[in-house]
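Read the figures in this text as sums done on the coordinates, not as results from a lab. Quick caveat: nothing in here was measured; it's all calculated off a predicted structure. Positions of Cβ are backbone-derived with ideal geometry, glycine not excepted, and every protein chain shown enters the neighbour counts.
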Amino acid sequence: MRGFPYIAIDPKCLEGSPEGRYFARNTYCIQERARELLASKGCPDSCSNCLVEIPYEVAGKIILDPVEGRIACDFLLMWEGSGEGLYIKEGTRAYVIETTGHRIHSIVSEGETVRSGSKIAYISTGKGEVRTVRADVEGVIAYIYQDLTSKPEKLLFIVVGGENVRRIRIF
């Protein structure tokens, strides 16, 4: 089982954004060596692809361009206690599966591959009924955004095509 997810994004996505105040001190340098993608903590001056860590909950408003249906900036999704992550480039086509209900129970997590028709969540209705939410696209769950202000509850599953996800080793 993986730990809690955390995320680092291209700092240009924070420019002029109210979320810029969440700018974190942790940075990650993305490099490719022998066709393997690597992320190292810290960005020396020689790093040409530096990402900054921001709170996971804030990233959902930044990484997705809902009008274009594309990823708005490069991001690195990592898991606490894991030496692995996912790297997704700006411009990648993104599909959003929106779920709303009295209570929502996700049965998938970030990094999992889903097929069209796969179960991704259960919704409990106000009447106590349980409904199944199924993916209507194939791909990798890139991000799960929970709107904490929404009543009833709302979860957004951001799915990208598997060919657009690079596995990355973090050291």
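Free of any trypsin sites (Lys or Arg not before Pro) that DSSP assigns to a loop and that have at most 10 other C-beta atoms within 10 Å, the longest stretch within the chain is 36-114.
Please report the spacing between the Cα centers of region 11-88 and region 106-122 in Å, no decimals. Each part reduced to its Cα centre gives a spacing of 23 Å. Listed from fewest to most Cβ neighbours within 10 Å, the set F171, F75 follows the order F171, F75. Label-to-label distance for T125 and L148 is 3.0 nm, based on points extended 7 Å past Cα in the beta-carbon direction.
Counting only DSSP H runs of at least 4 residues, each contributing -39500 (n - 2.57), and dividing by the residue count of the chain, the helix-based mean residue ellipticity at 222 nm comes to -1500 deg cm²/dmol. Annotation: the residues V159, V140, sorted from fewest to most other C-beta atoms within 10 Å of their own C-beta, follow the order V140, V159.
Could you pull out the GluC sites (Glu not before Pro) across region 1-95 that fall in loop regions by DSSP (anything but H, G, I, E, B) with no more than 12 other Cβ atoms inside 10 Å? Each step should come with its number before you reach the end.
Working: sites: E15, E19, E32, E36, E53, E57, E68, E80, E84, E90; in loops: E15, E68, E80, E90.
Counting only loop positions with at most 12 other Cβ atoms within 10 Å, the GluC sites (Glu not before Pro) in region 1-95 are E15, E68, E80.
Tally Lys and Arg at +1 and Asp and Glu at -1 over the other residues with C-beta under 13 Å from the C-beta of Y122: what net charge comes out? Result for the local shell: +2.
Taking the Cβ of T99 as the center, what net charge do the other residues with Cβ under 15 Å away carry, scoring Lys and Arg +1 and Asp and Glu -1? Walk me through the intermediate numbers first.
Working: positive: R103, K119, R131, R134, K151, K154; negative: E98, E129, D136, D147, E153.
Surrounding charge for T99 is +1.
Less than 13 Å Cβ to Cβ from T113, Lys/Arg counted +1 and Asp/Glu -1: what total charge do the surrounding residues give? It would help to have the intermediate numbers written out before the result.
Numbers: positive: R115, R167; negative: E110, E112, E138, E163.
Result for the neighbourhood of T113: -2.
Each of L77, L37 has some number of other Cβ atoms within 10 Å of its Cβ, and from fewest to most they run L37, L77. For mean projected area of the Cα convex hull in nm², the value computed from the atomic coordinates appears in the list (i) 8.1; (ii) 10.7; (iii) 13.8 under label (ii).
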